[in-house]
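Every number in this text was worked out from the coordinates using simple rules, so none of it is lab data. Note that the coordinates shown come from a computational prediction; the quantities given were computed from them, not determined experimentally. Cβ coordinates were reconstructed from backbone atoms using ideal geometry, including for glycine residues, and neighbour counts include every protein chain displayed.
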Amino acid sequence: MIPSRLTGAFSALMLAACADQAPDESDRDPAPRPDTLASEVRATIHRDGDDLLSAGLGLDGLRGPAPRLTDTTMARDALLRRLAIHTNYQGLADLTATGGFDADATLPEVPGREFHAFARLRWAEQPFRVMLQLPDAFDPENPCLVVAPASGSRGIYGGLPVAGPWALPRGCALVLTDKGAGTDLFDHAADTGVALDGTRAGRREQPLAFAPGPAPAPLVSVPHAHSGDNLEADWGRHTIVATHFGLEVLARTFPDAAAFTPGRVRVIAAAISNGGGAALRALEQAEPGLFDAAVVAAPNVTAPDARHLYDYATEAALLQPCLLADADWLATLPFGNPALQPAGARRCASLHAAGIIDEPAPAAARAVLEAAGFETGALEQAAVNATLDVWRSVAAMYASAYLGTPVDAMPCDLGIAATGDDGRPQPAAKAQREMWWATSSGVVPGAGLEWIDPRADGDAQDPDFPALVCLRALWTGDSAQSEKLRAAVRETHATAELPEIPILILHGRQDGLIPAAFSSRPYVETARDHGAGQLRYREIDGAQHFDVIVPFPGVSGRYRPLLPYLWEGLDTVEAVLDGQAELGEDRVISAMSDD
């Protein structure tokens, strides 16, 4: 453990760093806590087959099956770390040649140290994770720091596959944060959560990453949905706090070096999806000079007056399955399993009976979606979204987050639990819950957890439909809950007021989860209206949201991954900062182009 002097120094630093960043506290916690570390700092050494970049797995190990937790030569926390890193690479990156990893390539081993802590915003109910990876090759006289908030609802290693392959081999330190979401699931049957080292512990045994109030067994609470905090509204602040944490750890680790202050340390933000939105919000909110550049891809960010994710997700959740009733079109789609067609036809019938479409046909649903701004490329992801249950997960988790509800009072009667072979809720097995931190993506379904939906029993033909109608009504209705949800959503909107630093935003033209039409394009337009002179936008034809599906059978050759373009963008902004290149102009990268 790092001495408590670092904890005290960091607390003081956070009070200064975030003094101008706090929202109106009358709208938050009436007894706000100071921004501080909620734990001491845990330092670990990673050398000799357990490095920073791949936990000793190398490229072959990351491509292979999940490592088992039976290696007697490694401690339990080290095994969990290795499994978590494997999980995140397999969930985020195309590890084939198309993803930038040639068939005979290897990932370099990057020895170094990690520094972990829980931090807390002063108005927040729950802490969030921050971490610095410090490679041995870090040069304190020429310091660089890359900041990578996790994508999606992923845990502390969620930003590693995004920025680590670029940052760590060149000796840059890497800051990661889970943004308060993450994989610190709380099991109410066992009354256990996750400690700083990733192992499970009871409420009173040691500090936990996430400790919600009591709820009935066998329900399981998920941080993103059940923290009681409007996490999304603070993703930028989480990223700023993590950045200052990294700078303070560097200062304490190299006390004889020149001050690790903004301006002397080159700080670059690099993130995707929700992490990309967090990075942009951090740029908007940070004190001048904290960040030197940023490259983000597929950011979940909402400009003023743009459509918000909850709005278009709840609409897509209802309507997109109906598109799959068109068997001929379904056959052309990635993940276009013919088994989706009957369920699609039933959804068309449900929509027509509810008066949402004029006739029970895919063309009617498509007309509504296209009128709402969905483009062809985004709609071609409908089978992917249905297979992964993306829209229900987004709608249910975000609704609970915005309304601040615990797992036993989620909107529309939903809940989360492990289930048996009969589909009924049951307590998770000990071995299962001990792996959640390492194997979960932070969303449901996954890692053996499922949605519990009592309303499904009332509609055997289309069981998901009643809850989805309810979740949509939270956006369109005039109830007190609807007003509360929309107010929470307004807190998440970006300003698009950016500093004058090199910023590159990338987005796949076929992104069906965070369509560019609702996110990057309006954000860039608004930022330009606000005078963002060093902002550039690249839209990549042939790219969608999930790099991991690019090499899948039946998909291979159809799409290109985003991460290689992000790494190329980092090369560009680095050269710009070195005075060796210019950002260039906005452009669309053609599907037929090799650049």
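What is the dipole size for the chain, taken about its Cα centre, with +1 at each Lys and Arg Cβ and -1 at each Asp and Glu Cβ, in debye to the nearest 20? Kindly include the intermediate steps, with their values, before the conclusion.
Details: 46 positive and 78 negative charges, 230 e Å.
Charge dipole, the chain, about its Cα centre: 1100 debye, nearest 20.
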Separation between Cα centres of region 376-433 and region 509-586, rounded to whole Å:
29 Å
I need the P(r) histogram for region 54-96: all alpha carbon pairs, bin width 5 Å from 0 out to the longest distance, whole percents.
5, 26, 35, 21, 9, 4, 1
Averaged over all directions, how much area does the convex hull of the C-alpha atoms of region 421-534 cover when projected, in nm²?
12.0 nm²
Which FRET efficiency value, to the nearest 0.05, do you get for Ala429 and Ala75 by plugging their Cβ-Cβ distance into 1/(1 + (r/R0)^6) with R0 = 25 Å?
0.65
Ranked on Cβ counts within 10 Å of their own Cβ, fewest leading, His116, His352, His530, His226 go His530, His352, His116, His226
I want the local charge near Val550. Using Cβ-Cβ distances under 11 Å, sum +1 for each Lys or Arg and -1 for each Asp or Glu among the other residues.
0
Search the structure for amide H atoms under 5 Å from the amide H of Ala201, placed 1.01 Å from N in the peptide plane, and list their residues when 5 or more places away or on another chain.
Gly193, Val194, Ala195
In region 204-359, how does Rg compare with the Kirkwood Rh, expressed as the Rg/Rh ratio over alpha carbon atoms?
1.14
Cα-Cα pairs above 14 Å in region 324-383: how many percent?
54 percent
Can you list the equivalent-ellipsoid semi-axes of region 142-225, largest first and in whole Å, using the square root of 5 times each Cα gyration tensor eigenvalue?
31, 13, 8
Once you wrap a convex hull around the alpha carbon atoms of region 4-286, what is its projected area averaged over all directions, in nm²?
15.3 nm²
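How high is the relative contact order of region 503-589, in percent, counting Cα pairs under 8 Å that sit 6 or more residues apart?
So the answer I get is 34 percent.
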How high is the relative contact order of region 4-286, given as a whole-number percent (alpha carbon pairs under 8 Å, six or more residues apart)?
20 percent
Let me check I've understood the local charge: for Glu114, count other residues with C-beta under 9 angstrom from its C-beta, Lys and Arg +1, Asp and Glu -1. What total comes out?
+3
Residues with amide H under 5 Å of Ile540's amide H, sequence separation 5 or more or different chain, H placed in the peptide plane at 1.01 Å from N; which?
His507, Gly508, Arg509, Ile589
Whole-number percent relative contact order across the chain, with pairs defined as alpha carbons under 8 Å at least 6 apart
15 percent
Put one equal scatterer on each alpha carbon of region 503-589, apply the Debye formula with no solvent term, and list log10 I(q)/I(0) at q = 0.13, 0.20 1/Å to two decimals.
-0.47, -0.96
When Phe465, Phe245, Phe254 are ranked with the fewest other C-beta atoms within 10 Å first, the list becomes Phe254, Phe465, Phe245
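Per DSSP H run of n ≥ 4, the term is -39500 (n - 2.57); total these for the chain, divide by its residue number, and report the mean residue ellipticity at 222 nm rounded to 500 deg cm²/dmol. Please report the intermediate quantities before stating the final value.
Details: 19 runs with 208 residues, N = 595.
About -10500 deg cm²/dmol.
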Each residue of region 183-196 in order: what ³J(HN,Hα) in whole Hz does its phi give by Karplus 6.51 cos²θ - 1.76 cosθ + 1.60, θ = phi - 60°, with x for Gly and Pro?
10, 8, 5, 10, 9, 6, 5, 9, 6, 10, x, 10, 7, 4
Work the Kirkwood hydrodynamic radius out for the chain: mean of 1/r over every pair of different alpha-carbon atoms, inverted, in Å.
24.2 Å
For a footprinting-style exposure proxy, rank Thr183, Thr302 by other Cβ within 10 Å, fewest first.
Thr302, Thr183
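First select every other residue whose beta carbon is under 11 angstrom from the beta carbon of Thr332; then total the charges, Lys and Arg +1, Asp and Glu -1.
Combined, the nearby Lys, Arg, Asp and Glu give -2.
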Computed FRET value (nearest 0.05) for Ser479 with Ala372, which takes r as the C-beta separation and R₀ as 30 Å
0.85
antiparallel share of DSSP beta bridges within the chain, to nearest 5, in %, is 55 percent
Show me, bin by bin at 10 Å from 0, the whole-percent P(r) of region 346-505 based on Cα pairs.
9, 28, 35, 21, 7, 1
